[in-house]
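Note sheet for the following structure.
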Amino acid sequence: MEVAGEGVTGTQPMCAVHLEAPSVVTCHRCGRFCCVRCMSPGSPCNECVARLAGELPALEPRAKFARYALYAMAVSHGVQAALETVQLLVSESVAEIVELMNGLALLAYIPLYITTVVLICRWFHLATRHALARGASVDASPAGAVWSWFIPFVNLARPFSLTRNMLISTGADPGIVAPWQTAWLVGNVISNYSARAQSDAALISGALGDVLLIIAAIFGAKVIASLKFD
């Protein structure tokens, strides 16, 4: 059957960009005939990808602030771990002073934590938009990706799975997500236990939880640095 339109020669659909190449698929965004050089099946064509990506803000500025916030979180957890360790080793009178210092450190941690959450969510939202614009296999809207961090139980796996898929779409190593996820999960579990424990057990588990959250923050920053869209 004869097919008329752009990129068609006789009865054989030809690529709209490479006129000498036969079309193998049609772009689902613009409807243009495309050859194997122009796109992969199921993805937008190269021109659509370039146009959609060009309309988005650059990801790196948000990535940079998210990384800095995570490094600041690592420092904050380091201070808390050090104070909890000192509190275990010193006399009772000195321990009271250290406990007061730890309380002040926790007060400073709260605004830092909120700021970090906001910066990471802004980065995650834009990263998802970039991935979708490039036809990556990300089964979530940008808003849905962000909300996955706040839904109980869903946040144990879904955000990390989305991040892994985005890394794969860029050709980056998705293996870096596993240590980030593990340290984040275990660190939060132990930290929650420490809030309910008593005396030395609370200090020991609190320090251990802080160490794991330091590791999580460092790996999280590495993940953010690894996710780049050219």
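Numbers for the structure displayed
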{"read-out": "Computed helical MRE - 222 nm, the chain, DSSP H runs ≥ 4 contributing -39500 (n - 2.57), nearest 500", "value": "-22500 deg cm²/dmol"}
{"read-out": "Positive-pole candidate from A178, N192, L19, dipole of the chain, charges at beta carbon", "value": "L19"}
{"read-out": "Extension gain, K222 back to N192 (0.36 nm per residue minus Cα-Cα distance, nm)", "value": "8.3 nm"}
{"read-out": "Exposed-loop-free span, longest in the chain, where chymotrypsin sites (Phe, Trp or Tyr not before Pro) count as exposed if DSSP calls them loop and at most 16 other C-beta atoms lie within 10 Å", "value": "1-148"}
{"read-out": "Angle in degrees between helix 60-89 and the longest Cα principal axis of the chain, rounded to the nearest 10", "value": "20"}
{"read-out": "Nearest 10 degrees, 0 to 90: helix 92-133 Cα axis against the chain principal axis", "value": "0"}
{"read-out": "Dipole of the chain [Lys/Arg +1, Asp/Glu -1 at C-beta], most positive-end residue of A133, A225, H77", "value": "A133"}
{"read-out": "Structure-derived P(r) over Cα pairs in 10 Å bins from 0, in percent: which label, when the choices are (i) 8, 26, 24, 17, 11, 7, 4, 2, 1, 0; (ii) 8, 35, 40, 16, 1; (iii) 8, 32, 36, 17, 5, 1, 0", "value": "(i)"}
{"read-out": "Longest DSSP-loop-exposure-free segment, GluC sites (Glu not before Pro), the chain, at most 15 other Cβ within 10 Å", "value": "56-230"}
{"read-out": "Efficiency of FRET between L19 and A58 - r from beta-carbon atoms, R0 41 angstrom, step 0.05", "value": "0.75"}
{"read-out": "Net length gained if the chain between L185 and Y113 were fully extended (0.36 nm per residue, minus Cα distance)", "value": "24.3 nm"}
{"read-out": "Size of electric dipole in the chain: Cβ of Lys, Arg +1 and of Asp, Glu -1, about Cα centre, debye, nearest 20", "value": "560"}
{"read-out": "Cβ-based net charge around L100, under 14 Å, with every Lys or Arg adding one and every Asp or Glu removing one", "value": "-4"}
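Coordinate-derived values only; no laboratory data. Keep in mind the model is a prediction, meaning the values are calculated, not measured. All Cβ positions, even for glycine, are placed from backbone atoms using ideal geometry, and neighbour counts span all protein chains on display.
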